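Comments concern the structure below.
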Amino acid sequence: MKEFFSIDFNQPDYTPESEFVSAFYSECTKNKIFCQLEYVHDNCRFDAVIVYQGKIIYIIEFKRGIARRNDKAIRESNQIDKYARYGVPVEIVFSYGGVKCAIKRIKKYIAWIKRD
């Protein structure tokens with residue numbers, strides 16, 4: 001066998017937040033939903049925003065699954081309060097299942113906007 005340089009790989013015991021971000025972006029693309037990742041507005045960085053007709057209509061925050069068990073940490077971070085001041089829906093995604101649920105809610109919201 002040919003010798004090569006390598007580093008031992010130890011599988012993390014959690015799913016990295018970046019995997020949820022990637023899955024979410026992929027689902028948005030499949031569903032023709034315009035998603036901008038790591039968007040900054042008024043010195044506030046959002047993990048993702050959903051844009052419809054040139055306006056931000058949804059804010060998405062991703063948290064590792066472990067953070068779900070520590071809901072207090074999310075509340076104390078003031079992120080939700082900071083995001084809520086914009087008046088658009090905020091979705092926190094903790095898991096792959098959360099990605100699917102968020103996409104469903106976003107699609108319903110866009111359908112509701114289109115009705116008027």
How many residues does region 1-39 hold that are in a loop (DSSP other than H, G, I, E, B) and basic (Lys, Arg)? 2
Residues of region 23-60 being under 13 Å from the mean Cα position of the chain (by Cα) and more than 13 Å from ILE103 (Cα to Cα), in sequence order, are GLN36, LEU37, GLU38, TYR39, ARG45, PHE46, ASP47
Is there a residue being modelled with pLDDT under 80, hydroxyl-bearing (Ser, Thr, Tyr) and touching a helix residue (DSSP H, G or I) at 6+ places or on another chain (Cβ under 7 Å) anywhere in region 11-21? yes
In region 86-99, residue surrounded by the most Cβ atoms within 10 Å (Cβ to Cβ) [restricted to those that are in a loop (DSSP other than H, G, I, E, B) and at pLDDT below 85]: PHE94
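The values are calculated or read from the model by the stated rules, or taken from the named source; none is laboratory data. For clarity, every value in this text was computed on a predicted model and none was experimentally measured. Reconstructed Cβ throughout: ideal geometry from the backbone, glycine too, with neighbour counts over all protein chains shown.
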